[in-house]
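**Q** So that we are looking at the same thing, I have put the structure below in structure tokens.
Read the figures in this text as sums done on the coordinates, not as results from a lab. As the structure is a prediction and not an experimental result, all values here were calculated from the model. Virtual Cβ from ideal backbone geometry, glycine too; neighbours counted across all protein chains shown.
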Amino acid sequence: MNVIGAIVAGLAGTIVMSMLMAVAPMMGMPKMDIVGILGSMFSKQGNTMIGWVMHLIMGIIFGLIYALLWNSGIGTATLVGGLIFGVVHWLVVGLMMGGVPMMHAGVKAGTVKAPGIYMMNNGGMMAFVGGLVGHAVFGLVVGLVYGLLA
């Protein structure tokens, strides 16, 4: 497994996904503030820097997981392989968003709205679609970049 390639691919995927999240409201999608949600996880006031660091680290971790799976013979590091991993990634992580209130200081304090499963409390079906598209793009980028570097 090419660890450096997986880290670069995870960072690239996270950066592209973050750019997509930034322009989403301009395309009629709800604001997808995962950095804000992550940054307020440990204190009700929140910290944007902590949110960004956590978001980028999670991208690296998922890049490593994707690469590990591909190198274990599960799927391939291609655009299609990345797309499939990105969709599965969203289906799993989106469900986990329902558990955020149990461990989130900002939600417990009432300064952050609980996102709900698939972030649907923050934009309904459009949030679901936005999250799905964002994770699909993440997977596409990770598959492309890792495929080129591996």
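**Q** Relative contact order, percent, of the chain when contacts are C-alpha pairs under 8 Å separated by at least 6 residues? If you can, show how the numbers build up before the last one.
**A** Numbers: 258 pairs, mean separation 54.4, N = 150.
After rounding, I find 36 percent.
**Q** While we're here: Any chance you could list the semi-axes, whole Å, largest first, of the equivalent ellipsoid that the Cα gyration tensor gives for segment 89-150, using √(5λ)?
**A** 28, 13, 9
**Q** Rounding to the nearest 10 and keeping the result within 0 to 90°, find how far the Cα-based axis of helix 48-71 lies from the longest principal axis of the chain.
**A** Value to nearest ten degrees: 30.
**Q** Additional query: Which part of segment 51-76 falls in the paramagnetic zone of VAL3, meaning amide N under 20 Å from the point 7 Å along Cα-to-beta-carbon?
**A** 56-73
**Q** What spacing in nm lies between the two simple spin-label points modelled at LEU69 and MET96, each 7 Å away from Cα in the Cβ direction?
**A** Distance between label points: 1.2 nm.
**Q** Relative to the longest principal axis of the C-alpha atoms of the chain, give the angle of the C-alpha long axis of helix 79-96, reported between 0 and 90° and rounded to the nearest 10°.
**A** 30
**Q** Now, a different point. Can you list residues whose amide H is under 5 Å from SER40's amide H, if they're 5+ apart or on another chain and H is modeled 1.01 Å from N?
**A** So SER40 has HN proximity to ASN47.
**Q** Same structure again: Of the listed values (1) 26, 20, 14; (2) 27, 16, 13; (3) 21, 19, 17, grab the one calculated as semi-axes √(5λ) of the Cα gyration tensor in Å from the structure here.
**A** Here the calculated entry is (2).
**Q** Write down the radius of gyration of segment 7-95 and its Dmax, each obtained from C-alpha positions, in Å.
**A** According to the Cα coordinates of segment 7-95, Rg and Dmax are 14.3, 44 Å.
**Q** Next question, about the same structure. List the lysines whose Cα lies under 18 Å from the Cα of LYS44, skipping any in the same chain that are fewer than 8 positions away.
**A** Once the sequence-local lysines are set aside, what remains near LYS44 is LYS108, LYS113.
**Q** Right, next: Between 0 and 90 degrees, rounded to the nearest ten: what's the tilt of helix 124-149 against the longest Cα principal axis of the chain?
**A** For 124-149 against the chain, the angle is about 30 degrees.
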